[in-house]
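Notes follow the structure.
The values are calculated or read from the model by the stated rules, or taken from the named source; none is laboratory data. Keep in mind that this is a model prediction, so the values were computed, not measured. Here the Cβ is made from the backbone with ideal geometry for all residues, glycine too, and neighbour counts use every protein chain on show.
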Amino acid sequence: MQVCLLLQIPKSERNIDDLCGEMSDRLGRRQILAILKNFTPSDGFSEDYIDEVFLKRVDDKLMQRDVNGREVSGCGVEPIRARLMSACN
């Protein structure tokens, strides 16, 4: 579902927050960038191909999202938080 929304939204500067927000919160950074890099506009639409500057801005926003803890694990399982244990004799 999120991939469909990602493909349908206009790829413009004003939509970067939408592209990187709740609309794609279950998709990983790599997934979103791969989808956008391989995006080909349909005939009859005025939308141009996505340029590298736009992709860089999206990537920066996604990295910020990751740092803020909004990235969801690809398999739906939270990462294990383990502590180092000292060896017992």
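Here's the yes/no breakdown for (1) modelled with pLDDT under 90; (2) in a helix (DSSP H, G or I); (3) of a type in the set (Val, Ile, Thr); (4) on the phi > 0 side of the Ramachandran plot:
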residue	(1), (2), (3), (4)
Leu5	yes, yes, no, no
Leu19	yes, yes, no, no
Met23	yes, yes, no, no
Leu27	no, no, no, no
Ile32	no, yes, yes, no
Leu36	no, yes, no, no
Pro41	yes, no, no, no
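Count of segment 49-70 residues, restricted to those that are charged (D, E, K, R) and over 16 Å from Asn15 (Cβ atoms), is 3.
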